[in-house]
1. So, residue 397, is that one touching a helix residue (DSSP H, G or I) at 6+ places or on another chain (Cβ under 8 Å) and among the charged types (D, E, K, R) or not?
2. What pairs come up if the first residue lies in region 354-380 and is assigned by TED's automatic domain parsing to the domain that holds residue 161 and of a type outside the set (A, V, I, L, M), the second is part of a loop (DSSP other than H, G, I, E, B) and modelled with pLDDT under 95, and their beta carbons are under 6 Å apart, counting only those six or more places apart or on different chains?
3. Would you please list the contacts, defined by Cβ atoms under 6 Å and residues six or more apart or on different chains, that run from a residue in region 301-313 that is assigned to a helix (DSSP H, G or I) to a residue that is aliphatic (A, V, I, L, M)?
4. Which residue is farthest from the chain's Cα centre (by Cα), if the candidates are limited to region 334-345 and must be surrounded by fewer than 24 Cβ atoms within 10 Å (Cβ to Cβ) and not hydroxyl-bearing (Ser, Thr, Tyr)?
5. May I ask you to list the residues in region 417-448 that are within 12 Å of the ligand (Cβ to nearest atom) and of a type outside the set (A, V, I, L, M, F, W, C)?
6. Restrict the check to region 80-97 and report whether at least one residue is at pLDDT 85 or above, among the acidic types (Asp, Glu) and buried (at least 18 other Cβ atoms within 10 Å of the Cβ).
7. Output the residues belonging to region 149-165 that are crowded, with 23+ Cβ neighbours inside 10 Å and in a helix (DSSP H, G or I).
8. Take residue 166 and tell me if it is in contact with a helix residue (DSSP H, G or I) (Cβ under 8 Å, 6 or more places away or on another chain) and at pLDDT below 95.
Amino acid sequence: MIPRKILESASVKDLYRLMLENRLSRKALFGIVGRRLHRELVVENAEGRPRRVQELKHAYMMALFHGFDRAMTRGYVSRSVTERLLDTVLENVIVNEKHPVGPGPHPLLLVVSPTGRCNLRCEGCYAASESADRAGLTGLDFDIFDRIVTDKRRLWDSHLTIVSGGEPFLWRDGERGLLDLVERHPTEFFMIYTNGTLITDDLARRMAELGNISPALSLEGFEEETDARRGAGTFEKVLQAFERMRRHGVPFGVSVTPTSKNWDTVTSDRFIDFCFDAQGAVYAWCFQYMPIGSSPDLDLMVSPENRLEMLRRTNHLVRDKKVLFADFWNSGIASYGCISAGRAGGQFYIDWNGDVTPCVFVPYAVDNIYSVYERGDDLNALREAPFFRKIRAWQDEYGFKQSADKVQNWLCPCPIRDDFDRLRDAALETNARPINEAAADALVNPDFRRRMAACAGEFKKMSAPVWEMEFSDSATAEPAPRSKLSPGSGA
Ligand code: SF4
């Protein structure tokens, strides 16, 4: 057993290294790390956030640690991965000493899609809005992507890049592809959204050797749901990829897109147990279907009632099952609302044509990264784009820069999903450019606007009492009993 005195005087990084040595020391250190994070987030709460928001954020962080603990205990994390995790995610992203647990002054990460191409044709995919990259461009140049990653580290001390697509493992520029880029940035951690069908044994081995990459593989539920949307045989290929990554020690996650059809399955305990216990996933990302892309279908959106039920289930998974299931909307409480448009501690998005948008789900561009670099500007200049500034002003006013008792309902924090008309006005006023036909149509289609507003209005009404009773500091009521956060009977 490690003496308590040593544990308490060690640096955060030393603590994590010790934690990784064996299961017993991991358990002992978990207690210390958990208490330390709890003290900083909930007790000291230097930024003055709503207390129960901080408690939930703490639960998310602990769920991530539990995920890695489970994977390490089962031998699913290679040595090189654990070392890289210490140098990248843990030191620079989660416990950055310069801005300990709150958002620093800069974006935390960027989301980049180097290619729009994909080997699958999934129903409703936003990338399918362009069957091939725009004329003259075949995806991002390797050197441009390389420069983006270098610049954000230099300018923002950001060490996290999220790679989406298209299918990122298809991206090549000449001889070089995604893993060559990952290799060039050993202090950067890359999380890759992938359909998983291209993860061969060699690819899994190389990822394990690199150590600074974790793929999140898309599932729509079990075999029936996944193959229905992604094509026959896809589910089986994903299971094979899981097996290869477990064998080589690559930590991985799962990515799900709940729709009106499959939300019940992908948030059920049965599905979560399958992903985390049977398959060994460390985390799961959940992106409720958004009607953007080539043929938006508002009927596929999760209904307000079911969105609320998903919130209860998500909180149950994080708090009670201690699995990191992060829902891009319902987990917005833990990120202090919308993180788009280059918010402090947030992100923005660059697509395969170089177009820069507030986030993957907001298809209105403020600029193009090629033009930005050609005129000698950098990523900071992009943050000053008028459309971004307007969105950030909205985020600040809504809650990000408000005292705890003035924060508005962070259960509906999304400018495009929860306040489409306002986002539309901001896009029009600042000449933000629609990046595809569907995005242009959404600006002028009264039916689209009416239905988005109706959905948002209903959810706002339904979620208001939950926000007040369970999260807001302006509530006079005592914190809700834990049972309120439990899943409904169908989970
Ligand atoms: S714009 Fe919406 S989807 Fe994008 S980060 Fe903000 S809340 Fe999330």
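The values are calculated or read from the model by the stated rules, or taken from the named source; none is laboratory data. Quick caveat: nothing in here was measured; it's all calculated off a predicted structure. Positions of Cβ are generated from backbone atoms using ideal geometry, with glycine treated the same way; all protein chains shown enter the neighbour counts.
1. Values: touching a helix residue (DSSP H, G or I) at 6+ places or on another chain (Cβ under 8 Å): no; among the charged types (D, E, K, R): yes.
No, not satisfied.
2. 355/435; 361/290; 363/292; 363/435
3. Between residues of region 301-313 that are assigned to a helix (DSSP H, G or I) and residues that are aliphatic (A, V, I, L, M), the close pairs are 304/462; 308/462; 313/491.
4. The initial filter retains those residues of region 334-345 that are surrounded by fewer than 24 Cβ atoms within 10 Å (Cβ to Cβ), namely 334-335, 344-345.
Now restrict to residues that are not hydroxyl-bearing (Ser, Thr, Tyr): 334, 344-345.
Values: 334: 12, 344: 15, 345: 12 Å.
Only one residue fits best here, namely 344.
5. 417, 418, 419, 422
6. No, because not a single residue in region 80-97 is at pLDDT 85 or above, among the acidic types (Asp, Glu) and buried (at least 18 other Cβ atoms within 10 Å of the Cβ).
7. 152 - this is the single residue of region 149-165 that is crowded, with 23+ Cβ neighbours inside 10 Å and in a helix (DSSP H, G or I).
8. Numbers: in contact with a helix residue (DSSP H, G or I) (Cβ under 8 Å, 6 or more places away or on another chain): yes; at pLDDT below 95: yes.
Criteria met by residue 166.
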